[in-house]
Amino acid sequence: MDTVTLTPADFTTDQEVRWCPGCGDYAILKGVRKALAELGRMPKDVVFVSGIGCAARFPYYMDTYGFHTIHGRAAAVGTGVKLANPDLDVYVVGGDGDFLSIGGNHLLHVLRRNVDVNLLLLNNAIYGLTKGQASPTSIIGTRSASTPAGSADQPVNAALLALGSGARFVARTVDTMQDHLPEMVKRAHAHKGASLLEIYQNCIVYNDDAWGGLHEKKSAREMTIRAEHGQPLTFGPDGEHGLHFLPETGTFEIVDTAEAADRITVHNERNFTLATALARLPHPMALGVLYCDPAEDFTAAWEHRTPYRPMNRDDLQTLMTGENTWVVG
Amino acid sequence: MTDLLDKAGSQTHETSTNDRMVVRFAGDSGDGIQLLGSETAKATALSGHDLITLPDFPAEIRAPVGTTYGVSAYQIQFGGPEILTSGDAADVLVAFNPAALKTNLNTVRRGGLLIVDKGSLTKRGLEKAGYDADPTEDGSLAGYRVMLIDVTGLTAIAVAATGVGKKQAGRAKNFWALGLVFWMFGHDRTATRNWIEARFKATPDIAAANIAALDAGHAYGETAEIGADIAFRAAPAVRPPGLYRTVTGTDAMAIGLSAVAACSGLKVTYCTYPITPASALLHALAKLRGHGVVTFQAEDEIAAVCAAVGASYAGGLGVTASSGPGIALKAEALGLAVAAELPLIAVDVQRAGPSTGMPTKAEQGDLTMAVHGRHGEAPACVMAPATPSDCFDTVIEAARIATTHMTPVIILSDAYIANAAEPWRVPDADALPDITPAFRTDPENFQPFLRDPDTLSRPWVRPGTEDMIHRIGGLERSSDTGHISYDPANHQQMTDLRQRKIERIADAVAPAAIEEGPDAGDILIVGWGSTYGPLKSAARRVRQRGHAVAHLHLRLLWPLPRGLEEIFSRFRRIVVAEMNSGQLLELIRAQLLTPAEGLNQVTGQPFRAGDVEAHLLRLLED
């Protein structure tokens, strides 16, 4: 694998970025470029695949190989890229509509197969490019062009869906958290197998304040908890709160760090039960690597069952001839 | 247009001559009829006869025993010097139960031989088949020769010594019948014996029972007084010298994809989703276990084609396959491959539609979908194999076109071609021409959509190539830089370029030519796909009656090959015969303004040469 010293500029194309001013995508783009520069993989060995939607324009702005495909199918296209050339670093980028609605089936399967792609789910809980309809992650009551009386459908929890699909890596971050997002991209990349990174994102035009205060630095500290492997699950501006896991109910009790530091649960990325409990938590919203438990990835699993080897003409002759032949004249 | 359906049952059957024979096996779908048929085909081929088969089975895997809708059949025509069809009507029907007799009697010529398992003619069996009385006793089989043999009982006796249970003994009766048939036609049993031994290696008692049944059926023919006139020796095939084997269309397509891998060095990436009758191709390729071709069973049809598109983008050759309903689901992604100008092969093993239709029956109803069935102006190449063995050549040519012209190629096979078997001369692997995809590695003046002046195809670049980083996608792109462009003039130009690129494929392949018959005359019968054999056979027979009738067969359907108009101008009538309601006919009329007429049949069954012959004769009287 070729690695060199790179800067975010090495991943920046000459294309004018066409997202709305103030869109969370800008911050994500910035963080992803930073992460890729730090990873040091040559841009020529990196492929960005996307579907349709605002987020899916991502490849045009990354100076790597890129393929902007069709709505919902990027995970399937990315799987094909890995089938033909497992050495490429593949990032699959899409929004909540792309990944969880029209492409929900492909997300399920790319995760269960553990295809070594990095799935960046840019979740703004709204359809942006089609001008503001409720999405599969919109909270009940979301007023939108398609739901003037408020949406009635239960939103899907992407991290829980991923865990249920057999994902071996599930993480969350927030577009504006530039001290966290690049690190999460790098963790996703380091995981051999399918990595789902859900990035909470704001849509300034159709769903401003999409995640109710998550984008305000101050409130975010109260609203979120950054799970770190081997560290106590604390949150708050000064880490004054902590989570105590209750195995009987599968939920958490919020405790005071000063009073009950020893009761605060230590995060373990390999603990599936803990990961599902964190993924379900409405308050605080769990960020960070919720689950990381590596297993043999798709390419390796098939390679050891049916190793690909090129066919030469002698092999072909044997195959063509088969077992039952006769000779004429 | 003429519909043959209303005349079904009263057609002039292809008459049996003493150089060929049509045999049909029919029984419960659990009776091993298809196995019986394929073993007969193998032994027939090894005995030096030409042959074509017609497997004819229901979609249900194991319908209730003894019912008419659970009947599976397999027909084979063999002999010499050349066999073009699976036969219009059977000379011999082997019926394993009353339901099989009832549903297949109309496929037997008058005077034909019915071999019926006497042991199956029970009251319950007759009732299940809907017979009020035993047809072998009430005179309803008058006009046929009937041979009642207790296959069930004789098989039980034959296998008794091997110690297998009653259930296994019952399952061996197809081998008993096979033994008798082999005796009738002088076929050698060795290959079938070897097959049984290999197949049932883990269960030697079952192998022994099946071989005992095979030998007992053969011995019955030799010793029982069933009339020596039953035995028949067909004429040998007259074929060019060489090494031969039998292939089904599925075999030939799988071997062809392996040849594409060997001749191109590309990683052939076969992505599909299970569907009848295309799944057999997945099974054949999966057996290669990653040798030359990798297989991927996707979560759905759309994922399958998208993975194939991704594989081609990454520098492999993406191949996807399905049948009509699945191809419909792939339409959007095929449009992406057209827009992104990536090579791709999409095999459509057509079956009777619309919707679920008749999944195991053949039809040519997807031509219009293949040519036009995408959103926007999305031209692609469409080809069709003529015979089972032609699948080999067609898929190799499709790979060459796809990689040279940077386009999806849709191959229209069908349920008949996929399942039917015929002899195939094994090619010399070293003599197969290279397929040389021109991956671009030179960054000098590189733009992803700057075209080759001859083919108008864009360069193919493997991701990972130094100094060639670029992005492609479904959005319209500038004809020079490849960047997103909504410019009106550019869209017109790109639309025209995509169209002209496909048109130029016609310059790279052989022009249209008459398959057989005079250069000019009264009727030119035009076909495509699996109708090749029946149409060729029908035209031959009409010529033998002294008429100037020729046959033209299209392998390239879009773009249409060069030279068609000129050939058409030399015939008084152009008849386009298809197993649909006139889809090629429409294309020809629209593209060439030729006042062609249709001959159409949508029954799920191949044309009978006799029906086509009769139709042509009627036209000649006009």
List the lysines whose Cα sits under 29 Å from the Cα of residue A:34, skipping any in the same chain fewer than 8 residues away. A:44, A:82, A:186, A:192, A:217, A:218
Quick one: grab the alpha carbon gyration tensor of the range A:259-313, order the square roots of its eigenvalues as a ≥ b ≥ c, and give me rounded if a/c is under 1.5, else prolate or oblate depending on whether a/b is larger than b/c. prolate
Return the FRET efficiency for the residue pair residue B:442, residue A:205: r is the Cβ-Cβ distance, R0 is 45 Å, and the value is rounded to the nearest 0.05. 0.55
Nearest 10 degrees is fine. How inclined is helix B:532-544 to the longest principal axis of chain B, computing both from alpha carbons? 70
In Å², nearest 10: area of residue A:265 left accessible to a 1.4 Å probe: 30
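So for the range B:245-431, averaging the separation of alpha carbon pairs under 8 Å that are six or more residues apart and normalising by length, what relative contact order in percent results?
Details: 418 pairs, mean separation 52.2, N = 187.
In percent, rounded to a whole number, it is 28.
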Normalized C-alpha radius of gyration of the range A:154-235, against 2.2 N^0.38 Å? 1.16
Here P(r) for the range B:98-216, Cα-Cα distances in 5 Å bins, as whole percents, is 2, 11, 19, 19, 17, 14, 11, 6, 2, 0
Mind checking which lysines have their C-alpha under 18 Å from residue B:102, skipping anything on the same chain fewer than 8 residues away? B:118, B:123, B:128
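Counting only DSSP beta bridges with both residues in the protein assembly as shown, what percent are antiparallel, rounded to the nearest 5?
Values: 50 of 140 bridges.
If we restrict to bridges inside the protein assembly as shown, about 35 percent are antiparallel.
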Take the Cα of residue B:238, step 7 Å along the line toward its Cβ, and report every residue of the range B:44-60 whose backbone nitrogen sits under 16 Å from that point. B:49-51
Net lengthening on full extension, residue A:129/residue A:303 (0.36 nm per residue, minus Cα-Cα): 58.7 nm
Taking the Cα atoms of chain A alone, what are Rg (to one decimal) and Dmax (as a whole number) in Å? 22.1, 96
What number of lysine-lysine pairs in the range B:159-307 show an alpha-carbon separation below 25 angstrom, given a sequence spacing of 8 or more or placement on distinct chains? 5
Below 29 Å, Cα to Cα, which lysines can residue B:536 reach? Residues fewer than 8 away in the same chain don't count. B:7, B:42, B:361
Equivalent ellipsoid semi-axes - Cα gyration tensor, the protein assembly as shown, angstrom: 59, 34, 24
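Gain in length, residue B:276 to residue B:430, computed as 0.36 nm per residue apart minus the alpha-carbon separation, to one decimal in nm? Please list the in-between numbers first.
Numbers: separation 154, 0.36 × 154 = 55.44 nm, distance 3.43 nm.
Fully extending the segment from residue B:276 to residue B:430 adds 52.0 nm.
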Sparse-neighbour loop sites [chymotrypsin sites (Phe, Trp or Tyr not before Pro); the range B:478-542; at most 15 other C-beta within 10 Å; DSSP]: B:486
Take the Cβ-Cβ distance between residue A:217 and residue B:562 as r, set R0 to 51 Å, and report the resulting FRET efficiency rounded to the nearest 0.05. 0.15
At a 1.4 Å probe radius, carbon and sulfur cover how many percent of the accessible area of chain B? 52
Along the Cα→Cβ direction, 7 angstrom out, place labels at residue A:30 and residue B:481. What is the inter-label distance in nm? 2.5
For the range B:245-431, diffusion coefficient by Stokes-Einstein and Kirkwood Rh (Cα), 25 °C, 0.890 mPa s, µm²/s: 155
Antiparallel content of DSSP bridges confined to the range B:514-621, in %, to 5: 10
So the angle from the long Cα axis of helix A:24-39 to the longest Cα principal axis of chain A, reported in degrees to the nearest 10, equals 60
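With a ≥ b ≥ c taken as the square roots of the eigenvalues of the C-alpha gyration tensor of the range B:370-460, please select rounded if a/c is under 1.5 and otherwise prolate if a/b is larger than b/c or oblate if it is not?
Working: a/c = 4.22, a/b = 1.53, b/c = 2.76.
Oblate, since a/c reaches 1.5 and b/c is not below a/b.
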Let me have the relative contact order for chain A, percent, based on Cα pairs under 8 Å that are six or more residues apart. 14
log₁₀ I(q)/I(0) of chain B at q = 0.06, 0.11 Å⁻¹, via Debye over equal Cα point scatterers, no solvent, to two decimals? -0.35, -1.07
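Among bridges DSSP assigns within chain B, what percent are antiparallel (round to 5)?
Numbers: 27 of 83 bridges.
Expressed as a percentage, antiparallel bridges in chain B total about 35.
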I want to make sure I understand the PRE zone here: with the label point 7 angstrom from the Cα of residue B:150 toward its beta carbon, which residues in the range B:62-105 have backbone N atoms less than 19 Å away? B:95-98
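Tell me whether the range B:514-621 comes out rounded, prolate or oblate; compute the Cα gyration tensor, take square roots of the eigenvalues as a ≥ b ≥ c, and use a/c under 1.5 as the rounded threshold. Display every interim value, and only then the final one.
Values: a/c = 1.59, a/b = 1.12, b/c = 1.42.
Here the range B:514-621 falls in the oblate category.
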Checking an interface number: how much accessible area is buried between B and A, summed over both chains, with a 1.4 Å probe, in Å² rounded to 100? 5700
Measuring from the longest principal axis of the C-alpha atoms of chain B, the long axis of helix B:190-199 (C-alpha) lies at a number of degrees, nearest 10, equal to 70
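The values are calculated or read from the model by the stated rules, or taken from the named source; none is laboratory data. Predicted model, so just to flag it, every value in this text is computed and none were measured. Please note: Cβ atoms are built from the backbone with ideal geometry, for glycine as well, and neighbour counts cover all protein chains shown. The area values use the complete protein model at the heavy-atom level, side chains included, leaving out ligands, DNA and RNA. Shrake-Rupley method; radii C 1.70, N 1.55, O 1.52, S 1.80 Å.
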